[in-house]
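So the structure is just underneath, and the comments pick up after that.
The values are calculated or read from the model by the stated rules, or taken from the named source; none is laboratory data. Just so you know, these numbers come straight off a predicted model, no measurement behind them. So basically every Cβ, Gly included, is an ideal-geometry build from the backbone, and we count neighbours across all protein chains shown.
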Amino acid sequence: MTTLAITDGQVLRPDLTVTAADVLVDQDTGEIREIAPELAADADETLDAAGSLVTPGFVNGHCHVAMTLLRGYADDKPLDAWLQEDIWPAEGEMTPEDVRVGAELGLLELIKSGTTAVADMYFHVPEVAAAVENAGIRARLGHGIVTVGKDDEAAREDAQTSLEIAREYDGAADGRISTAFKPHSLTTVGSEYLEEFIPKAREAGIPVHYHANETEAEVTPIVEEHGQRPLEYAAEHGMLEPEDFVAHGVHVDDREIELLAEAGTGVIHCPASNMKLASGMAPIQRMREAGVTVGLGTDGAASNNDLSMLDEARDAAMLGKLAADDASAVPAEAVVEMLTQGSADAIGLESGRLEEGAPADFAVIDLEQPHLTPPHDLVSHLAYAAAASDVRHTVCDGQVLMRDREVLTLDEQAVRERALEAAEALAARVDG
Ligand SMILES: [Zn+2]
């Protein structure tokens with residue numbers, strides 16, 4: 001057995017208490033072997049965590065990592081206009097190589113901000129999978145389907161691609177990659193394709209992930225056309241199962257919250273994207289009280305504009321209090337839970353908790369910073385005060401991905417240079 005010891009840290013436990021302990025990892029299985037004082041003596045490799053908080057690696061429950069190439073390309077518009085006027089034309093020009101380079105840039109940013117797992121929806125997914133394999137993190141990947149504006153043949157081909165990708169890549173990268181069938185949303189995929197393909201995904205044991213109730217403009221057409229709320233429509237199409245998860249859930253009514261809770265379908269809350277696109281305030285306090293599993297996601301870098309889950313945590317708390325008109329809503333503990341176990345549970349991963357036998361996925365946060373002093377309450381600091389740049393080390397599946405801010409699995413400078421070049425060429429092609 002090859003072992004890694006994370007030494008002398010303050011360890012955040014699943015019940016959100018903090019204990020001074022070492023963490024011993026079996027690198028062959030990628031699991032935590034023991035959490036206790038003085039475990040470092042015989043370890044093959046050590047990571048110093050003195051003056052630091054050892055937390056579960058953050059789980060980004062909804063992202064489009066390759067969209068980093070479009071960071072700052074188009075801002076300050078509502079979702080509809082932003083997608084149709086700027087994002088979709090640019091994405092139409094993206095080559096497989098662009099997606100590869102953008103994904104590498106996004107994964108670099110995730111690792112540097114302590115994220116060890118991501119659920120990603122995009123196209124040219126084999127390129128995203130290759131980038132994930134090299135970067136060393138966990139991912140639940142899928143091809144996003146859009147059928148509006150396509151003829152039947154092209155629409156069916158898109159849905160078929162999503163199904164095939166999900167089948168082919170499930171379990172790739174030594175099990176670090178899992179997959180989902182990913183219709184983009186309930187308004188951008190025709191009901192006939194949902195009726196045909198959702199049962200096929202179900203048969204193959206593949207979960208379903210989609211954007212739902214993100215804006216009012218996504219709710220109204222479904223109510224008008226089908227006489228149902230979007231999540232009632234989703235349930236009728238077999239898209240509300242315990243293994244499924246939806247992104248956003250901003251405009252949900254009480255009946256839909258009840259449906260989510262009864263079904264056990266997770267919701268990934270993306271507060272920064274919702275605020276930036278003025279999509280609205282998701283009622284996450286009410287969802288949590290109703291028993292819905294809520295996680296956090298950054299969404300793509302073009303609507304955020306960074307991929308830091310610590311920013312997302314803070315935004316979730318602030319926006320959640322405003323949405324509930326209650327300062328006690330979405331407290332620090334709730335935020336930290338969503339950041340780690342909530343997201344992991346929602347997207348169906350075992351990570352998100354530091355305990356014996358759990359996947360060895362960590363972020364180690366440097367507490368010896370002015371903005372993290374004094375250490376009255378480390379859960380509060382994680383929710384409200386810590387920043388991506390405080391992450392010292394990142395470990396996934398028992399492997400050290402970043403040591404003392406140096407990413408070991410990706411060449412940071414080369415990734416940035418390739419991304420700069422690809423983004424510039426892409427913008428030139430689009431703007432013609
Ligand atoms: Zn999204």
Give all pairs with beta carbons closer than 8 Å in which a residue from region 176-192 that is among the aromatic types (F, W, Y) meets a residue that is part of a helix (DSSP H, G or I); count only pairs at least 6 apart in sequence or on separate chains.
F181/S162; F181/L163; F181/A166; F181/F197; F181/I198; F181/A201
Taking the conditions exactly as written (in contact with a Phe, Trp or Tyr (Cβ under 9 Å, 6 or more places away or on another chain), in contact (Cβ under 8 Å) with a residue 12 or more places away in the chain, of a type in the set (S, T, N, Q) and farther than 30 Å from E216 by Cα), does T115 satisfy them or not?
yes
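Restricting to region 245-257, and then to whatever is among the acidic types (D, E) and without any contact (Cβ under 8 Å) to a residue 40 or more places away in the chain, can you tell me which residue is surrounded by the most Cβ atoms within 10 Å (Cβ to Cβ)?
Among those that are among the acidic types (D, E) and without any contact (Cβ under 8 Å) to a residue 40 or more places away in the chain, it is D253.
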List the pairs whose first member sits in region 293-317 and is under 16 Å from E337 (Cα atoms) and assigned to a helix (DSSP H, G or I), whose second member is away from the ligand (no atom under 16 Å from the Cβ) and of a type in the set (F, W, Y), and whose Cβ atoms are under 9 Å apart, counting only residues at least 6 apart or on separate chains?
M309/F58; L310/F58; E312/F58; A313/F58; A313/Y384; R314/Y384; A317/Y384
Conditions first: (1) in contact with a Gly (Cβ under 8 Å, 6 or more places away or on another chain); (2) not assigned by the TED database to the domain that holds V336. C63 passes all but one, so which condition is the exception?
(2)
Qualifying residues in region 176-204 (those that are over 22 Å from G295 (Cα atoms) and assigned to a loop (DSSP other than H, G, I, E, B)) - the one farthest from the ligand (Cβ to nearest atom):
A204
Just checking, how many residues over region 348-381 are without any contact (Cβ under 8 Å) to a residue 60 or more places away in the chain, within 30 Å of T265 (Cβ to Cβ) and among the hydrophobic types (A, V, I, L, M, F, W, C)?
0
If E236 passes every condition in (1) over 17 Å from the mean Cα position of the chain (by Cα); (2) crowded, with 19+ Cβ neighbours inside 10 Å; (3) without any contact (Cβ under 8 Å) to a residue 60 or more places away in the chain but one, which one does it miss?
(2)
One residue is enough: does region 140-148 have a residue meeting the conditions assigned to a helix (DSSP H, G or I), under 19 Å from L349 (Cβ atoms) and either outside the structural domain of E91 (by the TED database) or under 17 Å from the mean Cα position of the chain (by Cα) (or both)?
no
Residue check, T298 touching a strand residue (DSSP E or B) at 6+ places or on another chain (Cβ under 7 Å), more than 16 Å from the ligand (Cβ to nearest atom) and at pLDDT 95 or above
no
Filter result for L401 (surrounded by 16 or more Cβ atoms within 10 Å (Cβ to Cβ), part of a helix (DSSP H, G or I) and touching a Leu at 6+ places or on another chain (Cβ under 7 Å))
no
Could you pull out the residue among A388, A427 that is in contact (Cβ under 8 Å) with a residue 60 or more places away in the chain, more than 18 Å from L307 (Cβ to Cβ) and in contact with a helix residue (DSSP H, G or I) (Cβ under 8 Å, 6 or more places away or on another chain)?
A427
Yes or no: region 366-373 includes at least one residue that is assigned to a helix (DSSP H, G or I), β-branched (V, I, T) and not assigned by the TED database to the domain that holds V132.
no
Which residues, counting only those in region 205-215, are assigned to a loop (DSSP other than H, G, I, E, B) and either without any contact (Cβ under 8 Å) to a residue 24 or more places away in the chain or of a type in the set (V, I, T) (or both)?
G205, I206, T215
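Which of the residues spanning region 199-234 are among the aliphatic types (A, V, I, L, M) and closer than 20 Å to E256 by Cα?
Within region 199-234, the first condition is being among the aliphatic types (A, V, I, L, M), and the residues that meet it are 201, 204, 206, 208, 212, 217, 219, 222-223, 231, 234.
Hits for region 199-234 are V208, A212, A217, V219, I222, V223, L231, A234.
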Report the residue count in region 207-254 for those that are under 25 Å from A278 (Cβ atoms) and either within 16 Å of the ligand (Cβ to nearest atom) or not β-branched (V, I, T) (or both).
27
Positions within region 265-292 being part of a loop (DSSP other than H, G, I, E, B) and within 16 Å of the ligand (Cβ to nearest atom), in sequence order:
C270, L277, A278, S279, G280, A282
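Would you mind stating whether A204 is surrounded by fewer than 24 Cβ atoms within 10 Å (Cβ to Cβ), at pLDDT 95 or above and not assigned by the TED database to the domain that holds V395? Steps first, please.
Numbers: surrounded by fewer than 24 Cβ atoms within 10 Å (Cβ to Cβ): yes; at pLDDT 95 or above: yes; not assigned by the TED database to the domain that holds V395: yes.
Criteria met by A204.
Run down R140, R167 and say which single residue is among the basic types (K, R) and closer than 18 Å to T265 by Cα.
Sole residue among the options that is among the basic types (K, R) and closer than 18 Å to T265 by Cα: R140.
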Taking L260 as the residue in question, decide whether it is away from the ligand (no atom under 16 Å from the Cβ), buried (at least 20 other Cβ atoms within 10 Å of the Cβ) and closer than 18 Å to V65 by Cα.
no
Looking at G106, G51, G114, G102, can you tell me which residue is under 23 Å from Q10 (Cβ atoms), in contact with a Leu (Cβ under 9 Å, 6 or more places away or on another chain), assigned by the TED database to the domain that holds M338 and at pLDDT 95 or above?
G114
